[in-house]
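All of the numbers you see were taken from the coordinates with simple rules; none came from a lab. These numbers come from a predicted model, not from an experiment. With ideal geometry, Cβ positions are generated from the backbone for all residues, glycine too; neighbour counts draw on all protein chains shown.
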Amino acid sequence: MYRVLLHNDDYTTMDFVVELLISVFHKSFEEATEIMLKVHRAGTGVCGTYTHEVAETKVETVHGLASERGFPLKSSMEKV
């Protein structure tokens, strides 16, 4: 299993991160806000734990959506 992480940067808006967590990771608004604040304060936040293929797809989806909106948001996956 693999954890999908989001990494803080100085450009991606908090609103976009919350929107992404709701649409890509199916989090509630409250959960998404909590994860976004963790990313903002600690530098990274865990979005969820998935199989290798699903985690890889989620990371690619994050990068694609962020790029479309002009944000440098980074996502990564790590083995649990």
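Checked against (1) among the polar types (S, T, N, Q); (2) in contact with a helix residue (DSSP H, G or I) (Cβ under 7 Å, 6 or more places away or on another chain); (3) assigned to a helix (DSSP H, G or I), Ser75 meets all criteria but (3).
Selection within the range 24-41: residues that are exposed (fewer than 14 other Cβ atoms within 10 Å of the Cβ) and over 15 Å from Asp10 (Cα atoms). The member of this set that is nearest to the chain's Cα centre (by Cα) is His26. Checking each residue in the range 1-58 for being in a helix (DSSP H, G or I) and among the small types (Gly, Ala, Ser) picks out Ser23, Ala32, Ala42, Ala55. Pairs are defined by a Cβ separation below 6 Å, a sequence spacing of at least 6 or placement on different chains, a first member in the range 17-40 that is under 20 Å from Thr57 (Cα atoms), and a second member that is surrounded by fewer than 20 Cβ atoms within 10 Å (Cβ to Cβ) and of a type in the set (Gly, Ala, Ser); the pairs so defined are Phe25/Gly48.
In the range 42-80, of all residues being over 11 Å from the mean Cα position of the chain (by Cα) and basic (Lys, Arg), the one that is nearest to Val24 (Cα to Cα) corresponds to Arg69. Residue pairs whose Cβ atoms lie under 9 Å apart, separated by 6 or more positions or on different chains, with the first residue in the range 66-80 and closer than 16 Å to Gly45 by Cβ and the second basic (Lys, Arg) and outside any strand (DSSP E or B), are Ser75/Lys58; Met77/Lys58.
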